[in-house]
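One structure below.
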Amino acid sequence: MSVPTEHIPTAIQLVAPTIKNYGYLAVFGLIVLEDFGIPSPGETTLIAAAFFSGLGDLNIFIVIIIAIMGAVLGDNIGYAIGYFGGHPLVLKFGKYLFITKEKLDKAENFFNRHGGKIVALARFVEVLRQVNGIIAGLSDMTWKKFLVFNSIGATLWVILWSLIGYFAGQNIDIFLKYQLIFSIGIGALIVLYLIYRIIKKKRSN
């Protein structure tokens, strides 16, 4: 890569060899796998690819296009698994991914209450990102509706993390200097959002 390994953030170092050896194929393949439930560092790979794009090793526009295609395809494979395989198939193999009947029922109820918007937002939530296609396939959501909202969510997710990774690559010195502050800031925003959701839910009860 363009900079010494010790100057690259640790999480990105883990997938750096894969990206170096397989390039865009690694981005596409790992995101596809992650998005229909198989444990895979899809999001980390996307950020890493964008990071190296900022360093000039990859083309950021190709990374974005390939990542969006991988995200949409992966979620649609998940939808097909849920739709055609049904609960028996998902529960049979889901146990290896810690998907229980109770968790599945709760997730389905959540999806049915919030509809398409949750498909778009699920892209930004760990675990939900990996199973939202499967759950949508199990629920009453039509494939066309799922495709639209999933494509919106995938595009926003890819662009957000690509820009963050790309900016980090172009400004590696600034990124390394403020990496801890940035991480704390992101964590704080997530915590504040969760607190807001809890308070809103209590008020509505």
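The values are calculated or read from the model by the stated rules, or taken from the named source; none is laboratory data. Note that the structure is a prediction, hence the values are computed from the model and not measured. Here Cβ is always computed from backbone atoms with ideal geometry, including for glycine, and neighbour counts include all displayed protein chains.
Overview of values
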| read-out | value |
| --- | --- |
| Unique match (being more than 20 Å from Val127 (Cα to Cα) and assigned by TED's automatic domain parsing to the domain that holds Ala136) among Gly23, Gly29 | Gly23 |
| Only listed residue being β-branched (Val, Ile, Thr), farther than 22 Å from Thr10 by Cα and either at pLDDT 80 or above or not in a loop (DSSP other than H, G, I, E, B) (or both), chosen from Ile134, Ile164, Ile184 | Ile134 |
| Selected residue [in a helix (DSSP H, G or I) and crowded, with 23+ Cβ neighbours inside 10 Å] from Ala11, Ala16, Ala50, Ala26 | Ala50 |
| Cβ-Cβ under 6 Å pairs, at least 6 apart or on other chains, the stretch 14-26 side modelled with pLDDT of 90 or more, far side of a type outside the set (A, V, I, L, M, F, W, C) | Ala26/Thr18 |
